[in-house]
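Below you'll find the structure, written out as structure tokens, and then a few comments.
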Amino acid sequence: MSTVEFNQMLLNNTDYLRPFAFTLTRDNETAKDLLQETMYRALSNRDKYHVGTNIKAWLYTIMRNIFINSYRRKIKQNTIFDSTANDFFIDQQQVTVANEAESILKMKEIQAAVQQLPDIFKQPFTLYFEGFRYHEIAHILSEPLGTIKSRIHFARKLLKEQISRN
């Protein structure tokens, strides 16, 4: 396969890669960078592509691997570097005690506010708070997905207003 044919195949598949890059990154600029890096790697590893192989799958794999490696690198950097402003406290032997009474009072206030919600909002919000996903809640309550999202949004809004008043 000639270089021109390979380059043309790459260009023909960029339209398929853009949405996949955005799905992975959830950011337009980062998605563009990911797409550019994928194209660069595909061009530099042209000799590893075998004629007859699904080029789209090959490019998706390259993109996914680049994304996973950069994600792992970023996580590793965040665990190594301490970017806190109070670095001088690191070596001191101070002990801090959490104020459990205050947090218990706040939890009771939140629970009371949730109990005061109308049932139409309380039920989906409680399920969401327990860890269910939107589509699971919609299935459990036999309601449309948009309705569930709306009710949870309004429940949050009502809770925020009610707690800020107290």
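The values are calculated or read from the model by the stated rules, or taken from the named source; none is laboratory data. Computed from a predicted model, the values in this text were never measured in an experiment. Please note: Cβ atoms are built from the backbone with ideal geometry, for glycine as well, and neighbour counts cover all protein chains shown.
Here are the numbers:
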{"quantity": "Pairs, first aliphatic (A, V, I, L, M) in the range 45-56, second surrounded by 10 or more Cβ atoms within 10 Å (Cβ to Cβ) and modelled with pLDDT of 90 or more, C-beta under 8 Å, six or more apart", "calculated": "I55/M9; I55/L10; I55/N13; I55/Y49"}
{"quantity": "Whichever residue in the range 31-58 is among the β-branched types (V, I, T) and either at pLDDT 95 or above or surrounded by 16 or more Cβ atoms within 10 Å (Cβ to Cβ) (or both) and, among such residues, is nearest to M1 (Cα to Cα)", "calculated": "I55"}
{"quantity": "Of all residues in the range 1-30 being hydrophobic (A, V, I, L, M, F, W, C) and more than 33 Å from the chain's Cα centre (by Cα), the one that is surrounded by the most Cβ atoms within 10 Å (Cβ to Cβ)", "calculated": "F6"}
{"quantity": "Identity of the residue in the range 113-140, of a type in the set (V, I, T) and loosely packed, with under 15 Cβ neighbours inside 10 Å, that ends up nearest to L158 (Cα to Cα)", "calculated": "I120"}
{"quantity": "Search result, residues across the range 141-159 that are farther than 15 Å from Q115 by Cα and hydrophobic (A, V, I, L, M, F, W, C)", "calculated": "L141, L145, I148"}
{"quantity": "Number of the exception - Y134 against (1) of a type in the set (F, W, Y); (2) assigned by TED's automatic domain parsing to the domain that holds L34; (3) at pLDDT 90 or above", "calculated": "(2)"}
{"quantity": "The range 59-105, subset small (G, A, S) and surrounded by 10 or more Cβ atoms within 10 Å (Cβ to Cβ), residue modelled with the lowest pLDDT", "calculated": "S103"}
{"quantity": "Close pairs from the range 131-148: first closer than 17 Å to I120 by Cα, partner part of a helix (DSSP H, G or I) and of a type in the set (G, A, S), Cβ under 6 Å, at least 6 apart", "calculated": "L145/A138; I148/A138"}
